Amino acid sequence: MIKKTIFAGFGGQGVLMMGYIYAHAAMNEGFHVTYLPSYGVEVRGGTANCTVAVSDEEIASPIASEPDHLVVMNKPSLFTFQNRVAPGGDIFLNSSIIDARPTRKDVQIHAVPVGDLAERLGNPQVLNIVMMGAFIRKTGLLPPEAFLKGLKHILGERKKAAMEINRKAFAAGYELQT
Amino acid sequence: MQGNRVIGEAAIRAGCRFYAGYPITPQNELTEYMADNMRRAKGGIFIQAESEIAAINMVLGASAAGARAMTSSSSPGISLKQEGISSLAADELPAVIVNIMRGGPGLGNILPSQGDYFQATRGGGHGDYRTIVLAPASVQELADLTMDAFELADRYRNPVIILADGMMGQMMEPVEFHAPPPRRYPECYVLKGMGQGKSKFIRALILDAIRMEEHNWKLYRKYQVIAQKEVRCETFWTDDAEILIVAYGTAARIAKGAIKRSRELGLPVGLIRPITLWPFPTQVLQGFAARVDDFLVFEMNTGQMLEDVQLALGNTARIQFYGRPGGVIPTPAELAKVIAYQLRKK
């Protein structure tokens with residue numbers, strides 16, 4: 001089994017953080033993982049993406065020619081990556097700001113209003129964790145506790161206070177019916 | 001852990017106590033890691049030099065004084081370091097130089113590339129010398145080969161290049177650090193300061209032609225020993241292969257992905273992955289050529305290792321090439337198509 005995911009969106013939306021926490025959590029669950037970020041001339045408001053591969057055997061290539069899952073947080077990313085998703089794969093999109101829908105008919109589409117949900121929680125910053133709630137639920141690869149444990153580890157002692165709002169954000173995404 | 005940081009951590013654990021560097025993408029996290037962590041190593045020194053050239057020459061000085069020393073940069077910066085690397089080789093001083101390659105020539109871009117193969121494996125600077133070149137293909141191997149690099153540098157008193165690229169530097173994978181063996185090296189050359197034993201010279205300016213020639217032959221004999229003893233190579237799915245891909249580093253990772261895809265379609269393809277680019281695994285390739293007729297060299301450049309494969313195999317096999325230069329990361333699917341095409345053509 002190998003599952004590859006591309007996370008993409010604006011810089012500042014926590015796109016790399018989503019992939020990083022996911023990879024970390026999967027590693028702690030005993031999976032082989034690779035995390036490959038885009039890097040370089042990225043700026044806040046520019047584009048960012050990362051590829052995470054999770055597998056129960058050694059991962060040959062960390063690059064995804066045909067990702068199983070695609071998580072897009074903005075419209076340009078949807079257009080850039082939608083055609084690469086493997087047939088039968090999943091596209092998770094931030095429906096709060098993406099008004100377009102994928103033209104693909106052979107993939108499952110999960111529209112998650114992460115911006116609105118995060119706003120309702122009183123902290124628009126946690127929109128990426130809302131998305132991860134929906135992502136972990138639908139993909140079913142990791143138990144939600146594993147993700148939250150990874151998140152807690154990465155936030156660390158210094159940002160302990162941030163854990164509460166993140167936990168709420170994760171639950172909001174996880175419990176969402178789409 | 002991220003590849004760049006892993007190199008830093010492995011170096012410190014291997015006893016690296018002097019690091020000088022100058023920032024350049026995509027290896028910045030390594031310099032940053034050393035700035036943060038060198039101080040927790042007893043006697044560790046970190047210097048952000050004023051230039052790449054200063055950094056390599058500081059490494060030369062530290063090495064002459066007996067420290068395990070390292071510097072790192074990316075392609076354009078490594079070009080600047082060549083004078084120092086040539087001097088290190090001439091002076092027979094150990095040092096580890098990390099090149100996290102990016103697209104070139106010139107300033108190029110900051111994306112992963114393998115365009116510096118010629119520079120790394122042919123010495124790079126002026127004069128008749130060689131450097132050992134290690135090409136890791138995973139974050140775990142970045143850790144292991146960094147530790148080995150210090151060992152090899154000490155054993156042969158020669159600069160060792162770690163040749164990776166932006167993808168290796170930026171990628172994160174799980175990693176375990178093994179305990180490195182204690183440092184053993186011939187201390188005879190180390191300059192310890194006035195009043196510390198007999199006076200010694202380390203110099204590469206030898207004006208007398210006959211003595212210079214003798215120094216060259218001495219270095220040559222050392223390189224012969226390295227070429228005999230230090231070749232490293234991995235093979236993957238070669239047992240029944242009818243076509244063999246030759247690739248290193250990131251390209252080898254992509255090739256493994258492509259091979260898995262091709263094998264699912266029943267295509268008999270395998271991989272030879274040189275881990276040491278110099279010394280090159282010539283004999284391993286020749287061994288396979290007795291059985292396999294087709295080789296496909298795959299690189300993220302326009303064909304540099306290709307020449308070493310051609311030198312190794314001559315007319316004994318058909319050699320094809322596929323490459324993407326300039327910072328493009330080819331996908332496994334793309335290479336799988338090339339494999340299928342080559343096998344159809346047979």
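The values are calculated or read from the model by the stated rules, or taken from the named source; none is laboratory data. None of these values were measured; they are calculated from a predicted model. Every residue, glycine among them, receives a Cβ derived from its backbone with ideal geometry; neighbour counts consider all protein chains shown. For the accessible areas, the whole protein counts, side chains as well, though only heavy atoms, and no ligand, DNA or RNA atoms are used. Shrake-Rupley method; radii C 1.70, N 1.55, O 1.52, S 1.80 Å.
Say whether the condition of being part of a helix (DSSP H, G or I), touching a residue at least 40 places away in the same chain (Cβ under 8 Å) and within 18 Å of the chain's Cα centre (by Cα) is met by at least one residue in the range A:81-93.
So far as the range A:81-93 goes, yes, one or more of its residues are part of a helix (DSSP H, G or I), touching a residue at least 40 places away in the same chain (Cβ under 8 Å) and within 18 Å of the chain's Cα centre (by Cα).
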- Please enumerate the residues belonging to the range B:73-114 that are among the basic types (K, R) and either assigned to a loop (DSSP other than H, G, I, E, B) or open to solvent by 10 Å² or more (accessible area, probe 1.4 Å) (or both). B:R102
- Query: In the range B:238-255, how many are touching a Phe, Trp or Tyr at 6+ places or on another chain (Cβ under 8 Å) and away from chain A (no Cβ under 14 Å)?
  - Reply: 4
- Item | Residue in the range A:49-80 that is farthest from the other protein chains (Cβ to nearest Cβ), counting only those that are open to solvent by 10 Å² or more (accessible area, probe 1.4 Å) and in a strand (DSSP E or B) | A:H69
- Query: Of the conditions (1) facing another protein chain (nearest Cβ under 9 Å); (2) modelled with pLDDT of 95 or more, A:V41 fails just one. Which one is it?
  - Reply: (2)
- Note on the structure: Taking the range B:306-326 and the residues there that are out of contact with any Leu (no Cβ under 7 Å at 6 or more places or on another chain) and under 15 Å from B:A247 (Cα atoms), the one that is surrounded by the fewest Cβ atoms within 10 Å (Cβ to Cβ) would be B:E307
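Table: residues versus (1) of a type in the set (A, V, I, L, M); (2) open to solvent by less than 40 Å² (accessible area, probe 1.4 Å).
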| residue | (1), (2) |
| --- | --- |
| B:G193 | no, no |
| B:K198 | no, no |
| B:N216 | no, no |
| B:Q224 | no, no |
| B:V246 | yes, yes |
| B:T250 | no, yes |
| B:A255 | yes, yes |
| B:K260 | no, no |
| B:W278 | no, yes |
- Message: Of everything in the range B:316-333, what is touching a residue at least 60 places away in the same chain (Cβ under 8 Å) and either farther than 20 Å from B:M305 by Cα or more than 13 Å from every other protein chain (Cβ to nearest Cβ) (or both)? Give them in sequence order.
- Response: B:P325, B:G326, B:A333
- Those residues that are within 14 Å of chain A (Cβ to nearest Cβ) and either among the aliphatic types (A, V, I, L, M) or within 10 Å of the chain's Cα centre (by Cα) (or both), I need them from the range B:121-164; list them, please. B:P136, B:A137, B:V139, B:L142, B:A164
- Message: If a residue counts only when it is basic (K, R), which strands (runs of 3 or more DSSP E) contained entirely in the range B:253-313 have at least 1 such residues?
- Response: B:269-274
- Query: Looking only at the range A:19-36, which residues are closer than 11 Å to A:G150 by Cβ and in a helix (DSSP H, G or I)?
  - Reply: A:Y20, A:I21, A:Y22, A:A23, A:H24, A:A25, A:A26, A:M27, A:N28
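Scan the range B:117-146 for residues that are closer than 18 Å to B:G3 by Cβ and open to solvent by less than 20 Å² (accessible area, probe 1.4 Å) and jot them down.
Hits for the range B:117-146 are B:A120, B:V133, B:L134, B:A135, B:P136, B:A137, B:V139, B:L142, B:A143, B:L145, B:T146.
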- Note on the structure: By residue number, the members of the range A:150-178 that are in a helix (DSSP H, G or I), within 16 Å of the chain's Cα centre (by Cα) and crowded, with 16+ Cβ neighbours inside 10 Å are A:G150, A:L151, A:N166, A:R167, A:A169, A:F170, A:A171, A:A172, A:G173, A:Y174
- Query: Does the range B:168-179 contain any residue that is open to solvent by 60 Å² or more (accessible area, probe 1.4 Å) and either more than 14 Å from every other protein chain (Cβ to nearest Cβ) or closer than 23 Å to B:G125 by Cβ (or both)?
  - Reply: yes
- Query: Does A:T34 fit the bill of being modelled with pLDDT of 95 or more and either within 22 Å of B:M172 (Cα to Cα) or open to solvent by less than 10 Å² (accessible area, probe 1.4 Å) (or both)?
  - Reply: yes
- Given the conditions (1) crowded, with 18+ Cβ neighbours inside 10 Å; (2) within 14 Å of chain A (Cβ to nearest Cβ); (3) closer than 22 Å to B:A143 by Cβ; (4) modelled with pLDDT of 95 or more, every one holds for B:V59 apart from (2)
- Task: Within the range B:189-224, track down each residue that is without any contact (Cβ under 8 Å) to a residue 12 or more places away in the chain and of a type in the set (A, V, I, L, M, F, W, C).
- Result: B:M194, B:F201, B:L205, B:I206, B:L207, B:A209, B:I210, B:M212, B:W217
- Selection status of B:I210, open to solvent by 80 Å² or more (accessible area, probe 1.4 Å), more than 14 Å from every other protein chain (Cβ to nearest Cβ) and not in a loop (DSSP other than H, G, I, E, B): yes
- Query: Only one of these conditions is not met by A:G46: (1) more than 25 Å from B:E29 (Cβ to Cβ); (2) away from chain B (no Cβ under 13 Å); (3) of a type outside the set (D, E). Which number is it?
  - Reply: (1)
- Could you say whether any residue in the range B:21-31 is more than 14 Å from every other protein chain (Cβ to nearest Cβ), part of a helix (DSSP H, G or I) and surrounded by fewer than 20 Cβ atoms within 10 Å (Cβ to Cβ)? no
